[in-house]
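Read the structure below first, then the notes.
The values are calculated or read from the model by the stated rules, or taken from the named source; none is laboratory data. What you see is a predicted model, and the numbers here were worked out from it, not measured in a lab. Please note: Cβ atoms are built from the backbone with ideal geometry, for glycine as well, and neighbour counts cover all protein chains shown. Note: areas computed on protein heavy atoms with side chains; ligands, DNA, RNA excluded. Shrake-Rupley method; radii C 1.70, N 1.55, O 1.52, S 1.80 Å.
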Amino acid sequence: MNNELGYIYIYKCVVGSGSDVCKIGITKDYHKRLQQHVRTPYYGFLPYVEFTTGNPIATIFKVNDYSSADAIINKVFHDNQFGNFEIYSIDYDDAIKKLYEELKNTNRLIELIKDNYSLYSFLNNDEVNVKTNKKEFENIREQLLVKYSDSLPEELMSMLKDKNTFIENCHSHYTTGNYIEFPYNLVLDLNYNKARRIEILNKLKALL
């Protein structure tokens with residue numbers, strides 16, 4: 001794993017009523033790539049778009065190993081692929097669930113970026129069973145400090161706050177004790193709801 005960040009995207013194609021056809025691809029910049037597919041449909045396969053904005057309705061997976069993303073897609077969806085095209089015969093929601101489970105099980109998922117339309121019902125039971133107490137984060141912190149003993153990675157640094165600034169600007173968060181400390185006078189704020197804490201937890205695990 002080379003920790004090169006990237007994205008896998010899935011969108012349902014407009015091919016007629018009742019048809020389950022999805023475009024699944026990889027990119028370094030999903031905003032530009034999706035807009036490109038709206039302007040110039042991939043081999044004629046157009047994504048569904050939001051009525052008010054014209055933006056594509058797509059689910060995005062931020063991954064920590066871009067170089068292996070194509071292999072992951074092939075592993076999960078090989079039997080559903082149309083020839084050599086990035087087009088797959090599969091229900092949109094099923095595709096999201098399958099890819100989510102594969103990325104999570106292999107510790108490659110950093111973030112799931114939802115489309116604001118789908119229910120993502122498969123996450124409900126998953127999120128209930130995830131432990132997000134302070135001890136869980138402290139355990140991961142210790143593993144990270146062992147792995148990155150020389151210097152903290154940029155992806156982790158972007159999640160941390162200077163402790164003095166944190167106390168000044170987020171004093172209520174500080175007084176609750178919902179944070180963990182890192183070297184260099186840095187802290188990780190945990191004073192969020194469970195869904196947000198799961199997102200932070202996944203990002204930390206992806207660095208291990």
Determine which member of the set 62, 97 is assigned to a helix (DSSP H, G or I), open to solvent by 30 Å² or more (accessible area, probe 1.4 Å) and at negative phi. 97
Consider residue 158 against the criteria (1) in contact (Cβ under 8 Å) with a residue 40 or more places away in the chain; (2) within 29 Å of residue 190 (Cβ to Cβ): it satisfies all of them except one. Which criterion is unmet? (1)
Going residue by residue through segment 48-59, is there one that turns out to be closer than 27 Å to residue 202 by Cα and among the charged types (D, E, K, R)? no
So, in segment 71-93, of the ones that are under 19 Å from the mean Cα position of the chain (by Cα) and modelled with pLDDT under 95, which residue ends up least open to solvent (accessible area, probe 1.4 Å)? 92
Scan of segment 15-37 for residues that are closer than 17 Å to residue 92 by Cβ and not small (Gly, Ala, Ser), ordered by number: 15, 20, 21, 22, 23, 24, 30, 34, 37
Quick check on segment 187-204. Is at least one of its residues farther than 23 Å from residue 62 by Cβ and over 23 Å from the mean Cα position of the chain (by Cα)? no
How many residues are assigned to a loop (DSSP other than H, G, I, E, B) and either more than 21 Å from the chain's Cα centre (by Cα) or more than 30 Å from residue 156 (Cα to Cα) (or both) if we restrict to segment 4-27? 8
Would you tally the residues in segment 43-57 being open to solvent by 40 Å² or more (accessible area, probe 1.4 Å) and either touching a residue at least 12 places away in the same chain (Cβ under 8 Å) or assigned to a loop (DSSP other than H, G, I, E, B) (or both)? 9
Among the residues of segment 28-36, is any surrounded by 13 or more Cβ atoms within 10 Å (Cβ to Cβ) and not in a helix (DSSP H, G or I)? no
Any residue at all in segment 14-24 that is over 20 Å from residue 82 (Cα atoms) and of a type outside the set (D, E, K, R)? no
I need the full set of residues from segment 104-141 which are modelled with pLDDT of 80 or more, farther than 21 Å from residue 29 by Cα and of a type in the set (Val, Ile, Thr), in order please. 106, 132, 140
